[in-house]
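Here is the structure we will look at.
Please treat every number below as a calculation from the coordinates, not as lab data. Since this is a predicted model, take the numbers as computed values, not measurements. So basically every Cβ, Gly included, is an ideal-geometry build from the backbone, and we count neighbours across all protein chains shown.
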Amino acid sequence: MTMVRAPVRRRPTARRGYLPSGLPFNRFGRGPRLLVVLPGLQWKHGPQSALAERFLVGAYQFLGTSHTGWFIGRRPGLAPGTTMSQLASDYATAIRNDLGGPADVIGVSTGGSIALHLAADHPDVVHRLVIHSAAHALTGEARRIQWRAGQDAAQGDWVAVFRALAETVVPPNRAGRALAGVMARLMAIGAPGEPGDFIAEVEAEDAHAFRDRLGEIRAPTLVVGGERDPFYSPALFKETAGGLPSGRLALYERMGHPAHGARFRRDVAAFLGDDPPNRVEDGGTPASGREGPLGRVGPGILALSGAGFPLTQLAIARLGRRGALLVQAVVVGLLVRDIGLIASGAPSRLQPGPAALLWAETAAAAAAATAGGLLLRDPEVAAARRAGWAVPRDELFRRVAIGTLFGLHTVRFRTYLSPGSGLRPTSHGSPPQDVRRMPTP
């Protein structure tokens, strides 16, 4: 009996939306080759917002010249008891019927666990595979953290969920716990009302144990991870790469979860057959000093940052509450950006001085955002501004916090524009560690 493949539907042209098979997507890049990215643990199943797209989808934009990328989430409305194999089947259907695969596949964190099942169960849809900060199983501690997060989600306590996850990427001290609390409250603003999809993913990954099936994967595979990853140990990364018939390992020192930066981009691009990316945003130094992605606009941004405090005060004075809302949006944006850098392990790649500046800037942004949010709800402050009275103590604190924030940001950005970008000296010329040399397909 001859098997007939289902006809390939025309690929969607929208930037974000839902595939015909029902999976949410964000599209990026315009290259001729097909790339599918499976994201990490998701608490909301839908296309990524513009802000989330910048941090999550943007991590793979360096492949956009050679690939058209599809950042594809999980189907909304997962049934209790959904397995990793079932999630992988959803992706196989989407790649095969909606996108006309096979595709190069990158699975990050929980998405990496699903990608292992995808490559083993549906080898026809995977050309090359990148397991990005994932392994054949979670560590015992990581499984415990995620299981507790699932229980908190079932109770509707999303702040507790996000605090537990945030505490895995901040220093284990009082300041780190305080920052995790701020991160959790910000993230909880966009939490879903129904936790079923999140709980289903947690339970599916809790049952993920793939070590005995690694030998079934025939696609050339690159496993990348950081030695300080709180969810997967170096031993798990090595076991995963070592158990693959065509496995290769890139393990980075002083890097957490997920691995990223210049070395990550270069290694992944080389593995997928691309030229090493020239764009450097956070993990390396452009080859020609200041002629990197911010070479032309960097001085302008630096000047704008230096004038940030007087500009915020001018906006409030001229626009009143609308100006205060605008300033609050800028402050929260800087806070989210800094939290993203810290969560991705940037402090471990910076020299002590720039790393301290990043932590201090994050603390100042948290203080300014908190004070600004409280004062926006205080009618007495608005009345005092209109009448020209002496500013209340809380308003003075907000001004000091914003002034400190922009001062620290200016110093840190100047360091970023300087040769070396404040990074620890590392060797960027060494190739990934080979557990088993990958044959050339």
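Some observations on this one:
- Distance (nanometres) between label positions extended 7 Å along Cα→Cβ at LEU396 and LEU314: 2.6 nm
- Its Cα centre serving as origin, region 72-170 has a Cβ charge dipole (Lys and Arg +1, Asp and Glu -1) of approximately 120 debye.
- Prolate/oblate/rounded call for region 49-128, Cα gyration tensor, a/c under 1.5 rounded: oblate
- Across region 100-132, the residues whose backbone nitrogen lies under 20 Å from the label position 7 Å along the beta-carbon direction of GLU227 are 132.
- Cβ-to-Cβ counts within 10 Å put TRP70, TRP359 in ascending order as TRP359, TRP70, the fewest first.
- Region 140-201 shape via C-alpha gyration tensor axes, a/c threshold 1.5: oblate
- Summarising the label geometry, the points placed 7 Å from Cα in the beta-carbon direction at ASP206 and ARG144 lie 1.5 nm from one another.
- Exposure proxy shown here: for VAL336, VAL268, VAL224, the number of other Cβ atoms within 10 Å sets the order, fewest to most, as VAL336, VAL268, VAL224.
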